[in-house]
């Protein structure tokens, strides 16, 4: 397994996983995707962060193919878990906050193909009163595999204040 740690500016409470060269998406956010904390487009996965600040993102490239079942312990560890697919035809995954300068965004070289993505959200209830600090963390795992339908594995039902801050997605 390969691991990459980044600090990403989650401008408008989101950051993006993108196949390099994919067409930028104007707006994937709606009430459904906002509640699910992610949105999927062609070569793009948007992740809804709890803060409009730099957030820690760990990207893990797993050397297994196909599904690995979730255990109760795994789900208990995380506040929110989602999965989907992304096509990385360019062989380069870009991890960036959409307010950052794209050419300087971190990149991870991959074998071109389809990847199953699982996004784990932790520490969502740790935000300060003003929403500027917290211990939120985002772990993104990718593994080569066939396309899968986007779905929420575990829905976060905690602090609703974060949901109100994230409504700015609908206006970004």
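Every read-out reported here was derived from the displayed coordinates using simple, explicitly stated rules and does not represent laboratory data. Quantities reported herein were computed from a predicted structural model and do not represent experimental measurements. For neighbour counting, all protein chains shown are included, and Cβ atoms are generated from backbone atoms with ideal geometry for every residue, glycine included.
When only C-alpha pairs under 8 Å and at least 6 residues apart count, what is the relative contact order of the stretch 2-161, in percent?
Across the stretch 2-161, relative contact order equals 29 percent.
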Wrap a convex hull around the Cα atoms of the stretch 2-161, take a quarter of its surface area, and give that in square nanometres.
8.9 nm²
Within 10 Å, count the other beta carbons around each residue, average over each peptide in 136-146, 99-109, and list them highest first.
136-146, 99-109
Segment residue 30-residue 151, extension gain: residue separation times 0.36 nm, minus the distance between their alpha carbons
42.0 nm
Protection-proxy order for peptides 124-134, 44-54, each taking the mean of Cβ atoms within 10 Å per residue, highest first:
44-54, 124-134
